[in-house]
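Read the structure below first, then the notes.
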Amino acid sequence: MPKRKDVSPLKRRLLRELVRENVDLKDNRLPRSLRPGAHRLRTTLRVLALVLFPAVLLGSTQLITSLQTPPPPAPPAGVAVPARPAPPDRRFGAPEPIHADVLPLAVHRVAIDPGHGGTDFGAHIPQGLREKDLTLDISNRLARLLAADGFETVLTRKGDQHLSLAERGARASQERADVFVSIHVNWIEDRGSRGVETYYLGSTLDPFLNRLAAEENRGSGYSMAEMRRLLDRIYADVRQESSRKLASTVQSSLYHSLREVNPVLEDRGVKAAPFIVLLTTEMPAILAEVSCLSNDQEAEMLAKPLYRQFIAEALAAGVRSYADAVAGTSPAEKGS
Amino acid sequence: MSDKREVLHVGIDLGTSRSSISASNGQRHVIESYVGWPLDMVARKVLKKPVLIGRDALENRTMLDLHRPLEQGLIKEGSEKDEAAVRELLWHLLSLVGVKREERGGTRVHAVVGVPAEALRVNKQHVRKALSGAVESLMIVSEPFAVAYGMEALVHSMIIDLGAGTTDFCVMNGRLPTEEDQRTLPQAGDWIDDQLLRHVNTRHPQASVSIHMVRAWKEEGSFVGQTKTPVLVTAPVNGKPTELDITNEMRQACEGILPPIVESMLDLLSKVQPDYQERVRNNVVVSGGTGLIRGLGPRLEQELQAVGGGKVRVVKDPVFVGSDGGLAIALDAPEDDWERLSS
C-alpha cells in the first residue's frame, strides 16, 4: 500500500498536532494543553510591563548621567573574560520528578481532614460508633496538640457536615496549608484484623485497596476530565515523594506509640492508593487509617476518649517528626 | 545518509478483548487478547510451545498461566507478567504481518497504536515501553480519533467506540480532540458479560456457567429492545448439557449499558457549539465490537429525539476500523515526522 499523496490540509494540520503531542510524550514533556502557556504569557507580559516601564525611566536617567560619568575601564588586552555560563535547559513543564530534598520547605500550617461527615457516616457499628464522629474527635484533639507545639492548624470541617472530597482539598489549599492529614477509621472484611495503615497518593494493583479507594472516593465532585488532568500532574509531582515520607513518618509513629497501649496492633504499613482526597490538595498529603472499627476489641478501645487521645498524640508526633526532618533538625536537637 | 531499509506502516488497535493490526503490505489480522505460559513441564510438553497467544491460549487455558494483559483498554500497571504479555501480543501481531523478531533491523516499522480516549500519560508511556525494540517509530492516538480519521469523519461528528473494556466518546471538530471533547466510560462489553453472568446465575442457579461461555453467548445474541428470536444456549446443569432460554437476561444485561451511554452522548452534545449541534447529532458513528448489539443504533436515535433527533451509523466491520484508521494515519504522516518520533 503506497504512502498517500493527497492528504487534505485539515488532515495535515491534525497530523502536525498529533506528531507534536507524541514528540512531547517521547521526550517526557507535559503536553501543551497542560502547560499554563497562555496564562503564563499574559502574566509575563504584565510583569515585563511593570519591570520595563521603570527600567526605561531609569535607563533614560542613566543615559543622561553617563554623559557626565566616564565608562568603566575595559579589561586589559590579553585577559580572558570569563564566559557567562550557559543557562540550564529548562524546558517548561518537563515532568521529570524533582527530588523532595531539593525543596526543603518548612511546615508551619497543618490541614487536618476529619473523614466523612453529615449524611456520610463512614464505617459504623450497631453500638452507635460512627467513623464521622470518631474522626472529628481525633482531629480536634490533634489540632489542639499541634497548636500547643506552635503549628497553625486548619480543620476542613469543624462540625458534623458533609463536604465533597474536592471541597476538602480546596479548603486546605485556600488556607495555604503545608501538609494535609486526612483521618479515617478502617473497616476490614476479616474482622480479626486490627491495625494501622497510612496512604499516600499512587496507583495500586491490589483489588482490596482499589475497593477501599472507590469507597472513600464516592461523591468526589470531580469529572473524569478533571481527574485525568489531576492524575497527569501527580506523576510529575514533587509532592508524591514528600507525601511518601510524611506517610512513612506518621505510620511509624502511629504503630510504635499505639503498640505500647495496644500490644496486638498490626503494622499494616505505608501504601500507595488512588484516594481522590489526596489528589485534590496542593501540598504533601496522607490518609491515615488510625484504627479498625470492624474489630470488636478495637471498637471497644475507640469508644474510650483516652485511646482517641493516644491516637491524636501519635499522629501529632508523626507530623512533628516530619516537620523536624524537613527543617533539617532532628527531634533530639529540637528537644535539647 | 538516508536509510534504505524497507518501511512497513502499521495501525494497531490494542483491545481488551481483541487486538487487530492493519499493515501497509495489505495484511490484516485480529487475535484474541490472551497470552498464556504453560503452567508446568507437563503442559509445556503437551503444548510444545513456550507461549500461546490468542484463541490458542484461550482454548488451552487449563494448562496455562493465562493473562488478559489489558484492562479497560490499558496495560495493567505494575505487573511484570502483564507487561511481558503485552510485549508477546505485540510481537505476535507484528509477526502476523511479516515482521520477524529474529530479523530485528531488517524492516523499519512505523506504528500507530490506539489507546482509550482518556488514557493517562503514564499509560501511554507503558505502551511505548512495551513496543520499544519492536518498532522504529511510534505514534499513540486516542482510539476514537483513529476511527474518525479512518472513516473521514473528522468534522462535526461524534464517535462512540464500544469496546470490551471501555466505551470511548469523542466529538470531532476538525481539530485534535481535547479532554473536553472526549469521555471514557468503564461500562462496555466486559461489564455486560459480568451482568449477564450474574443474571444467568440467579435465574439458573443449577447451571454451570463461566465468563468465557457468557462472552460467547453475548457475541452471538446480544440485543436491546424487542427480539423475535429467543436467545437459547446450552450449558451443563448437574453435568448434563441443557438448553436454557436467556432472552430476558440478555436484554437486561445489554440494556443496562444504555443509561450511561445516553447520558454521556447527550452531555457531550450539549457542549458542542450551538450552531453545530444539529450536524453532530446527524453524524453519530458507533464503532467497536460491542457496538454490534442488535437494535443499538435505532435505540440511540430514539434517545436523540429528546434533543431534536439525529442519525446513528453503526460500523459494520468494527474489528478493523481502529487499526485501519491507525494505518491511514501512519501512511499520511510525512517521513520527516516519523524520524522525529524514532526511539
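The values are calculated or read from the model by the stated rules, or taken from the named source; none is laboratory data. Owing to the predicted nature of the structure, the values given are computational and were not obtained by experimental measurement. Note that each Cβ is placed from the backbone with ideal geometry, even for glycine, and that neighbours are counted across all protein chains shown. With ligands, DNA and RNA removed, areas are computed over all heavy atoms of the protein, side chains included. Shrake-Rupley method; radii C 1.70, N 1.55, O 1.52, S 1.80 Å.
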(request) May I ask you to verify whether B:Met1 is open to solvent by 60 Å² or more (accessible area, probe 1.4 Å), modelled with pLDDT under 90 and not assigned by TED's automatic domain parsing to the domain that holds B:Gly133? (result) yes
(message) Restricting to segment B:184-198, name every residue that is within 11 Å of chain A (Cβ to nearest Cβ) and either farther than 29 Å from B:Glu220 by Cβ or among the β-branched types (Val, Ile, Thr) (or both).
(response) B:Thr184
(message) Restricting to segment B:328-343, give me the number of residues that are within 23 Å of the chain's Cα centre (by Cα) and surrounded by fewer than 17 Cβ atoms within 10 Å (Cβ to Cβ).
(response) 0
(request) Go through segment B:286-301 and give me each residue that's open to solvent by 60 Å² or more (accessible area, probe 1.4 Å) and either among the hydroxyl-bearing types (Ser, Thr, Tyr) or not in a helix (DSSP H, G or I) (or both). (result) B:Arg294
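Answer yes or no as to whether A:Ala272 is open to solvent by less than 10 Å² (accessible area, probe 1.4 Å) and either among the hydroxyl-bearing types (Ser, Thr, Tyr) or in contact (Cβ under 8 Å) with a residue 24 or more places away in the chain (or both).
No.
Considering only segment B:271-285, I want to know if a residue exists there that is outside any helix (DSSP H, G or I) and surrounded by fewer than 16 Cβ atoms within 10 Å (Cβ to Cβ).
Yes, segment B:271-285 has at least one match.
The rows are residues; the columns are (1) at pLDDT 85 or above; (2) of a type outside the set (Val, Ile, Thr); (3) surrounded by 16 or more Cβ atoms within 10 Å (Cβ to Cβ); (4) under 22 Å from the mean Cα position of the chain (by Cα).
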position: A:Thr119; (1), (2), (3), (4): no, no, no, no
position: A:Ala123; (1), (2), (3), (4): yes, yes, yes, no
position: A:Thr156; (1), (2), (3), (4): yes, no, yes, yes
position: A:Leu163; (1), (2), (3), (4): yes, yes, yes, yes
(request) Tell me, yes or no, whether segment B:235-252 has at least one residue that is more than 16 Å from B:Trp191 (Cα to Cα), in the same structural domain as B:Thr166 (by TED's automatic domain parsing) and part of a loop (DSSP other than H, G, I, E, B). (result) no
(request) For residues that are buried (at least 23 other Cβ atoms within 10 Å of the Cβ) and more than 15 Å from the chain's Cα centre (by Cα), scanning just segment B:302-327, find the one that is nearest to the other protein chains (Cβ to nearest Cβ). (result) B:Leu327
(request) Would you mention how many residues in segment B:225-266 are open to solvent by 50 Å² or more (accessible area, probe 1.4 Å) and closer than 21 Å to B:Pro318 by Cα? (result) 1
(message) Show me the helices (runs of 4 or more DSSP H) entirely contained within segment B:108-224 in which 2 or more residues are open to solvent by 10 Å² or more (accessible area, probe 1.4 Å), in contact (Cβ under 8 Å) with a residue 40 or more places away in the chain and more than 30 Å from B:Thr242 (Cβ to Cβ).
(response) B:121-131, B:143-150
